[in-house]
Amino acid sequence: MGHKKKVYIDPKTLNLPPAGCDSHAHIVTAPLWEDRDAVLRRAEEAGVKTIGEVLLGHAQYEAHKDYFADKANVFFIYGVHPTDLLEISENEAELIKEDILKDKQGARKIKAVGEIGLDYFWKEVPQDLQQAYFRKMLKLAKECELPVVIHSREAFEDTVAILLEEGFHEYPLLWHCFDRDAECAEIVLSHGWHISVPGSVTYKANAHIREAVKFIDRNRLLVETDSPYLSPEPWRGKPNEPAYTVFTAECIAKELGVETAELWEQCGNNARRFFGVE
């Protein structure tokens with residue numbers, strides 16, 4: 001017997017209202033950047049009202065900020081990824097701070113510092129270097145009075161410990177790409193933080209994430225793509241893009257027993273409130 005042909009569902013067919021938010025996208029990353037105008041159009045057609053575009057490092061910010069300047073529905077999350085620390089300049093943090101302060105006086109597109117944190121999955125960057133730079137970026141976020149967006153991969157305990165040591169209990173914080181269990185979700189929420197759930201919640205093997213969403217305060221729940229990575233079903237295996245956020249919302253809504261449109265709008269409003277976006 002042959003394999004059943006996979007059906008790729010058009011996100012427009014979910015007929016969701018123009019109220020959603022992809023809280024974490026990398027449109028500047030290939031292959032999305034080459035198709036950027038169409039990517040943004042498809043997102044709008046699917047009901048994605050707002051997009052958080054992640055710009056990692058001063059060079060990426062400088063290279064791409066002008067494209068988004070007239071796109072009011074796109075805001076920036078700006079920082080240094082922990083796996084990039086061996087490639088950045090010595091004064092990278094100073095350049096980022098200058099960019100943020102300049103933006104505050106003008107466009108006000110930068111709404112958070114991120115994604116910052118720890119990634120122990122990739123072994124190339126020493127853990128002590130990651131931890132030191134994480135603390136540096138947390139201090140920068142406080143100095144600039146911006147929320148933070150956290151990247152934490154195979155480093156949950158150390159990430160939480162550093163955040164608490166740096167005084168981030170009850171600080172505006174979004175735990176990006178949450179892939180942990182209900183116990184970890186409760187720890188994150190106990191410190192007043194928000195949680196963003198990616199498309200991997202739709203994968204058959206990830207029952208623990210689907211169980212965890214049942215324990216997340218609905219007022220602190222966001223959805224994201226992390227595009228072009230982690231495409232949700234039914235687009236798994238293809239490059240992810242903001243339009244596909246609808247399938248993540250649909251999966252979570254089924255787990256919670258609510259209408260997809262209701263959850264879609266609430267998660268979108270949560271994101272805009274968290275990031276201070278109109």
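The values are calculated or read from the model by the stated rules, or taken from the named source; none is laboratory data. On a predicted model such as this, the values are computed, not experimentally measured, just so you know. Every residue, glycine among them, receives a Cβ derived from its backbone with ideal geometry; neighbour counts consider all protein chains shown.
In the stretch 60-87, which residues are among the hydrophobic types (A, V, I, L, M, F, W, C) and either surrounded by fewer than 21 Cβ atoms within 10 Å (Cβ to Cβ) or without any contact (Cβ under 8 Å) to a residue 24 or more places away in the chain (or both)? Those that are among the hydrophobic types (A, V, I, L, M, F, W, C) and either surrounded by fewer than 21 Cβ atoms within 10 Å (Cβ to Cβ) or without any contact (Cβ under 8 Å) to a residue 24 or more places away in the chain (or both): Ala63, Ala69, Ala72, Leu85, Leu86. Scanning the stretch 230-241 for residues that are outside any loop (DSSP other than H, G, I, E, B), under 19 Å from the mean Cα position of the chain (by Cα) and buried (at least 21 other Cβ atoms within 10 Å of the Cβ) turns up nothing. The one condition from (1) loosely packed, with under 14 Cβ neighbours inside 10 Å; (2) under 19 Å from Ala59 (Cβ atoms); (3) among the hydrophobic types (A, V, I, L, M, F, W, C) that Leu95 does not meet is (1). Within the stretch 98-142, the residues that satisfy the criterion of being surrounded by 19 or more Cβ atoms within 10 Å (Cβ to Cβ), farther than 22 Å from Phe275 by Cβ and of a type in the set (A, V, I, L, M, F, W, C) are Leu118, Val125.
Among the residues of the stretch 54-83, those identified as under 22 Å from Trp122 (Cβ atoms) and assigned to a strand (DSSP E or B) are Val54, Leu55, Leu56, Ile77, Tyr78, Gly79. Within the stretch 176-196, one or more residues are in contact with a Pro (Cβ under 6 Å, 6 or more places away or on another chain), closer than 30 Å to Lys139 by Cβ and crowded, with 16+ Cβ neighbours inside 10 Å.
Where helices (runs of 4 or more DSSP H) sit wholly within the stretch 84-202, those with at least 2 residues that are of a type in the set (Val, Ile, Thr) and modelled with pLDDT of 95 or more occupy 92-104, 156-165, 182-190. For the stretch 45-101, filtered to residues that are of a type in the set (Phe, Trp, Tyr) and touching an Asp or Glu at 6+ places or on another chain (Cβ under 8 Å), the residue that is farthest from Leu146 (Cα to Cα) is Phe68.
Scanning the stretch 5-32 for residues being in a strand (DSSP E or B) and either among the small types (Gly, Ala, Ser) or surrounded by fewer than 17 Cβ atoms within 10 Å (Cβ to Cβ) (or both) gives a total of 3. Checking Gly52, Gly47, Gly57 one by one, the residue that is modelled with pLDDT of 95 or more, buried (at least 16 other Cβ atoms within 10 Å of the Cβ), among the small types (Gly, Ala, Ser) and over 21 Å from Tyr229 (Cβ atoms) is Gly47 and no other.
Checking the structure you have, find out if any residue of the stretch 215-229 is in contact with a strand residue (DSSP E or B) (Cβ under 9 Å, 6 or more places away or on another chain), within 19 Å of Ala43 (Cβ to Cβ) and of a type in the set (Val, Ile, Thr). Yes: one or more hits.
One line per residue, one yes/no per condition, for (1) within 20 Å of Cys251 (Cα to Cα); (2) in contact with a Pro (Cβ under 9 Å, 6 or more places away or on another chain); (3) of a type in the set (D, E, K, R):
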residue	(1), (2), (3)
Lys4	no, no, yes
Ile9	yes, yes, no
Ala25	yes, yes, no
Arg41	no, no, yes
Gly52	no, no, no
His58	no, no, no
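Taking the listed residues Cys177, Cys144, the one that is hydrophobic (A, V, I, L, M, F, W, C) and in contact with a helix residue (DSSP H, G or I) (Cβ under 7 Å, 6 or more places away or on another chain) is Cys144, with no other qualifying.
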